[in-house]
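Asks: The following block contains the structure, expressed as structure tokens.
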Amino acid sequence: MRTSSIHSLSDHGFKTVWHNGVMLSTSRYRKLVLLFGCVVANIIVAFYAIPTLLVLTGLRGDDAVQLSDDEWPQQSTPVVFDDAALTLRTGGEDRTGYRWRHDDMMYGYVLEPPDAAEGRYCDSRSILISVCSAVENIDRRKAIRSTWGDSELLAAVGARLVFVVARTDPTRSPPGIERLVVAEHRRQGDVVQADFVDNYVNLTAKTVVALRWATRACPRVRYVMKSDDDVYVNVTALTRRLEQERTTQISTFGVDEDSANSFIIGQVVDSARPVRDRRSKWYMSTSIYPAAFYPPYTSGTGYVLGASVVHRLVTLLDAKSGITRPFWLEDVFVTGMLAASLPDVRLVHDARFNFRPTQRVHWRRNRHPQSLVGGQTSNSQDDEACAYRDAITVHDLTPSELVGLWKRLRLLQPLASHCADIDLKLEEQDDDDEGLYDDISAPQ
């Protein structure tokens with residue numbers, strides 16, 4: 001008969017513990033407690049890890065539905081370019097194998113400027129610059145407004161700026177971002193917020209929203225530029241280059257005034273190979289994209305479309321409304337695959353888009369024998385001023401770098417005014433295939 005719950009057995013050198021009528025040694029009791037603690041810890045970790053993994057793959061339970069084996073699409077849609085057929089999966093499947101409910105990518109707007117619905121956002125302006133921005137990048141948008149995106153500067157060259165963002169992700173975005181974005185919208189009046197979660201694999205959806213919104217809010221502009229929020233845009237050089245290209249299209253190709261804007265201009269990337277390394281950020285499986293090369297496309301850091309091209313692309317997207325997230329590399333999809341379906345639309349390469357100041361630049365120009373500023377100037381400053389005079393976009397800038405570049409270019413502007421007509425020749429880069437995608441910033 002048990003007289004107490006614990007007995008000391010000094011002659012055996014250990015203690016016993018009675019638990020629910022069972023006698024256990026202290027050592028075994030501790031092991032059971034440890035095992036129970038491990039089980040509880042694993043349950044807790046799994047509870048928090050599963051939502052995190054869904055976010056990392058760009059999926060959320062309220063936005064996606066897993067496909068069963070018999071629900072995989074049985075047909076595919078051909079996209080034709082350069083007389084070669086490309087087959088993409090359809091039926092709402094993205095690169096992770098999930099079906100998304102918004103199959104036609106026709107999202108509503110949570111926020112937009114008040115004069116957008118009447119089509120008056122760009123009254124008397126010739127170009128709309130749509131900057132695709134991550135919703136939490138308030139500091140980047142502020143830096144743009146204080147530099148090249150200043151409203152008075154843009155108005156002087158006939159341009160208008162808008163930022164396109166999406167909804168915050170509660171599991172990833174810092175707290176309070178949604179409230180700050182609403183305040184930014186009310187204060188600045190230049191923010192469009194689309195009704196989908198902002199993440200990296202939604203870049204195509206964000207660009208499509210920007211194009212759709214442009215046709216609705218600015219139906220009379222001549223050009224629409226798509227850019228990112230880490231890019232400096234030389235709006236004076238931009239507008240000058242667009243008018244030059246318009247004149248060239250008329251004189252060289254013999255097109256009429258209405259067709260003179262049927263082009264997409266930017267840094268054209270040709271013969272880029274899909275990245276097949278699963279460890280890469282830009283991995284593309286052969287099941288999604290089987291071809292050996294991407295079609296020619298313009299770098300998504302900054303390109304300009306004629307207004308007629310924008311309207312026709314939107315019409316094309318409407319016709320292909322059964323395709324869900326057809327391709328998550330937005331520049332390849334919009335300016336490569338979709339644009340190739342419009343045979344009269346020309347891709348125009350210009351090295352002054354995505355200008356890289358670290359590249360060696362060769363200039364042929366006439367130097368003035370007299371000094372330019374205060375009787376003293378260095379050749380390096382002189383060359384830098386002339387280089388940036390015609391550079392249209394510079395990519396991969398932090399907010400502080402953008403402000404610093406802006407201030408420096410303002411100081412160098414007197415030097416640039418003395419530059420003769422120049423012929424810019426950037427050295428060809430021998431990049432590896434993955435390096436071609438360094439221009440894709442995440443998330444936008």
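Asks: Among the strands (runs of 3 or more DSSP E) contained in region 108-188, which hold 1 or more residues that are aromatic (Phe, Trp, Tyr)?
Replies: Here the list reads 109-111, 159-167.
Asks: If I filter region 190-206 for residues that are more than 25 Å from residue 237 (Cβ to Cβ), in contact with a His (Cβ under 6 Å, 6 or more places away or on another chain) and either assigned by TED's automatic domain parsing to the domain that holds residue 281 or assigned to a loop (DSSP other than H, G, I, E, B) (or both), do I get at least one hit?
Replies: Yes - at least one qualifying residue is present in region 190-206.
Asks: In region 303-322, how many are touching an Asp or Glu at 6+ places or on another chain (Cβ under 7 Å) and closer than 24 Å to residue 127 by Cβ?
Replies: The total comes to 0.
Asks: Against the definition (within 16 Å of residue 329 (Cβ to Cβ) and not assigned by TED's automatic domain parsing to the domain that holds residue 400), how does residue 233 come out, yes or no?
Replies: For residue 233, the condition - within 16 Å of residue 329 (Cβ to Cβ) and not assigned by TED's automatic domain parsing to the domain that holds residue 400 - is not met.
Asks: Got at least one residue in region 301-312 being in a loop (DSSP other than H, G, I, E, B) and assigned by TED's automatic domain parsing to the domain that holds residue 227?
Replies: No, there is no match, as no residue in region 301-312 is in a loop (DSSP other than H, G, I, E, B) and assigned by TED's automatic domain parsing to the domain that holds residue 227.
Asks: Any chance region 236-249 includes a residue that's in contact (Cβ under 8 Å) with a residue 24 or more places away in the chain and either under 23 Å from residue 138 (Cα atoms) or in contact with a helix residue (DSSP H, G or I) (Cβ under 6 Å, 6 or more places away or on another chain) (or both)?
Replies: Yes, some residue in region 236-249 is in contact (Cβ under 8 Å) with a residue 24 or more places away in the chain and either under 23 Å from residue 138 (Cα atoms) or in contact with a helix residue (DSSP H, G or I) (Cβ under 6 Å, 6 or more places away or on another chain) (or both).
Asks: Is there a residue in region 302-312 that is modelled with pLDDT of 95 or more, surrounded by fewer than 21 Cβ atoms within 10 Å (Cβ to Cβ) and in contact with a strand residue (DSSP E or B) (Cβ under 8 Å, 6 or more places away or on another chain)?
Replies: No, there is no match, as no residue in region 302-312 is modelled with pLDDT of 95 or more, surrounded by fewer than 21 Cβ atoms within 10 Å (Cβ to Cβ) and in contact with a strand residue (DSSP E or B) (Cβ under 8 Å, 6 or more places away or on another chain).
Asks: Let me ask you something else. If you go through region 203-262 one residue at a time, how many are out of contact with any Lys or Arg (no Cβ under 7 Å at 6 or more places or on another chain), among the polar types (S, T, N, Q) and buried (at least 22 other Cβ atoms within 10 Å of the Cβ)?
Replies: Of the residues in region 203-262, 1 are out of contact with any Lys or Arg (no Cβ under 7 Å at 6 or more places or on another chain), among the polar types (S, T, N, Q) and buried (at least 22 other Cβ atoms within 10 Å of the Cβ).
Asks: Which of the numbered conditions does residue 220 fail, given that it passes all the others? Conditions: (1) part of a loop (DSSP other than H, G, I, E, B); (2) over 17 Å from residue 129 (Cα atoms).
Replies: Among (1) part of a loop (DSSP other than H, G, I, E, B); (2) over 17 Å from residue 129 (Cα atoms), residue 220 violates only (2).
Asks: Enumerate the pairs (first residue in region 97-119 and over 18 Å from residue 220 (Cα atoms); second residue anywhere and at pLDDT below 85 and β-branched (Val, Ile, Thr)) with beta-carbon separation below 6 Å, excluding pairs fewer than 6 apart on the same chain, so at least 6 apart or on different chains.
Replies: 99/65; 100/324; 103/324
Asks: Being under 19 Å from residue 228 (Cα atoms), basic (Lys, Arg) and in contact with a strand residue (DSSP E or B) (Cβ under 8 Å, 6 or more places away or on another chain) is the filter here; which residues of region 110-144 pass it?
Replies: The one that is under 19 Å from residue 228 (Cα atoms), basic (Lys, Arg) and in contact with a strand residue (DSSP E or B) (Cβ under 8 Å, 6 or more places away or on another chain): 141.
The values are calculated or read from the model by the stated rules, or taken from the named source; none is laboratory data. Quantities reported herein were computed from a predicted structural model and do not represent experimental measurements. Please note: Cβ atoms are built from the backbone with ideal geometry, for glycine as well, and neighbour counts cover all protein chains shown.
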